[in-house]
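A short worksheet on the structure shown next.
Throughout, read-outs are computed from the coordinates displayed, never taken from laboratory work. Computed from a predicted model, the values in this text were never measured in an experiment. Cβ placement follows ideal geometry from the backbone for every residue including glycine, while neighbour counts extend to all protein chains displayed.
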Amino acid sequence: MEFYELHPVNPQLRYLNKAVNILKEGGVIIYPTDTVYGIGCDIYNKDALDRVKTIKNDPDIKLLSFICPGLKDIAKYARVSDYAYRIMKKLLPGPYTFILPSARDVPKKLRSKRKTVGIRIPDHSVALKLVEKLGNPILSTSTTNRKGDILIDPYEIKAIFNSQVDLMLASKNILGKPSTVIDLSGEAPVIVRKGAGDISLFV
């Protein structure tokens, strides 16, 4: 594993470019978001997706998110109702995962049985710059140990995943709690998981 420590606000371009090149070549990386570290790959690379499932030891992994750079990019991958757009515009970027009906461009392998996808726009410059440079979303899942406990110490993560991923970008500003998951695929929002995000808007 290649390992680089990045500035959380102005990440070094050369390390970002290394990560993007690995993603484009079908590699798997670990990178920071505003909540936890993510294990990520290009959404269009089937072999990389299979590697992520192997790393997580879960062939039917459910908690997969599309990391997008901004709201304008979401329509390609999810169908967004007017009420869903208003909510997302108010809360993003931020520590939320929004469940939305999937759009045509989403590979069938990445759609849930309900034909939905999880969308994330994290408030972290490293994650956002990665997807901007890649040109399409990163498929992502949280970095956990075999017990399912979330890992936030970059050196512990490096020790555990050193032989399983191709590159890790370490950075500060990690909250250490998973994102709040909100289902916007129906007529009204449903809180699926309470995490780092404020849910007072829905109470």
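Could you work out the longest stretch of the chain that avoids the GluC sites (Glu not before Pro) located in DSSP loops with at most 14 other Cβ atoms within 10 Å? Show your work: numbers first, answer last.
Values: sites that count: E25, E187.
By the stated rule (loop sites, at most 14 other Cβ atoms within 10 Å), 26-186.
Between the helical axis of 46-55 and the longest alpha-carbon principal axis of the chain there is an angle of about 80 degrees.
Please work out the C-alpha center-to-center distance from the stretch 124-168 to the stretch 19-82 and express it in whole Å. Centre-to-centre distance over Cα atoms comes out at 10 Å.
Loop-resident trypsin sites (Lys or Arg not before Pro) (DSSP state other than H, G, I, E or B) in the stretch 1-110 with no more than 12 further Cβ atoms inside 10 Å of their Cβ: K62, R104.
Using the Cα atoms as the points, what is the convex hull volume per residue of the stretch 2-202 in Å³? Walk me through the numbers on the way to the answer.
On the way: hull volume 21.9 nm³, N = 201.
It is 109 Å³ per residue.
What does the charge count near T180 come to, summing +1 for each Lys or Arg and -1 for each Asp or Glu among other residues with Cβ under 12 Å from its Cβ? Summing Lys/Arg as +1 and Asp/Glu as -1 gives +1. Model label points for R14 and E132, set 7 angstrom from Cα along the Cα-to-Cβ axis, are 2.1 nm apart. For the chain, the longest principal axis of the Cα atoms and the long axis of helix 125-134 meet at an angle of about 90 degrees.
Bridgeable aspartates and glutamates around K72 (alpha carbons under 13 Å apart, same-chain partners fewer than 8 residues away excluded): E132.
Distance check, please: which entries in K18/K115; K76/K129; K24/K194; K89/K133 exceed 24 angstrom between their Cα atoms? If you can, show how the numbers build up before the last one.
Details: K18/K115 33 Å; K76/K129 19 Å; K24/K194 33 Å; K89/K133 22 Å.
Flagged as over cut-off: K18/K115; K24/K194.
For the chain, a crude dipole built from +1 on the beta carbon of Lys and Arg and -1 on the beta carbon of Asp and Glu, taken about the Cα centre, is about 580 debye to the nearest 20. In the frame of its principal axes, the stretch 1-47 has Cα extents of 31, 24, 18 Å, reported largest first.
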